[in-house]
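The values are calculated or read from the model by the stated rules, or taken from the named source; none is laboratory data. None of the values given here were measured: they were computed from a predicted structure. We place every Cβ from the backbone using ideal geometry, glycine too, and count neighbours over all the protein chains shown. Remember, those area values only see protein heavy atoms, side chains included, never the ligands or the DNA or RNA. Shrake-Rupley method; radii C 1.70, N 1.55, O 1.52, S 1.80 Å.
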Amino acid sequence: MTGINLWDVVNVPFDAVRTAYRQLRKALFTASRPSGEYLVVDRTVPELERELGAFSFAPNWEFSYYERGEILNLARVVYEERTVDGTTYRWWQTHLRGWHGEDGRIELHAHWELEPTETGNAHIDGVGFDFDRGMETLASFLEEAGIEYEETTIETDGGGH
């Protein structure tokens, strides 16, 4: 006896659902672009997605706030047991965002944090958040991919992370 395949019965337009969800996210969960250190690269978004995707960075739009004007949102999830304030957490991510600079290059900002789908409340509370580790990780992958970058500080109206 064979079972009924749900996908044969229901034809869900997942691309439309994803697009609608991303628009809802922009409307309800928006934050300002953070001030601070950025790594600036002369690449297009598709090039960065391809080059960093080779190191397991993947789109992360659905699981993060929309930071005004961002054009790139990637995360690289890893398993690493770390104890913070007496609680052991296992799933972490390097979260990378990018914006177009005035000169046409892309300004990248990254941080290390708990992976949000496994530890939602602790993620939102900023448990284990580490900006320096995120930027160091990003720089190491840019170097490994042969992507040249410049470091700069950008002040925005959003403050820092």
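General remarks:
- Heavy-atom accessible area with a 1.4 Å probe sorts Thr94, Thr137, Thr117, largest first, into Thr117, Thr137, Thr94.
- Surface accessible to a 1.4 Å probe, Glu51 within the full protein complex, Å²: 40 Å²
- Pairwise FRET efficiency - Val78 versus Thr152, Cβ, R0 = 30 Å, nearest 0.05: 0.65
- Given R0 = 22 Å, the distance between the Cβ atoms of Ser140 and Asp85 translates into a calculated FRET efficiency of 0.20.
- Taking Cα centre as origin and charging only the Cβ of basic (Lys, Arg, +1) and acidic (Asp, Glu, -1) residues, the dipole magnitude of the range 37-161 rounds to 420 debye.
- Cα gyration tensor shape for the range 100-145, rounded if a/c is under 1.5, else prolate or oblate: prolate
- Rough spin-label spacing in nm, given labels placed 7 Å along Cα→Cβ, for Asp15 and Thr44: 1.9 nm
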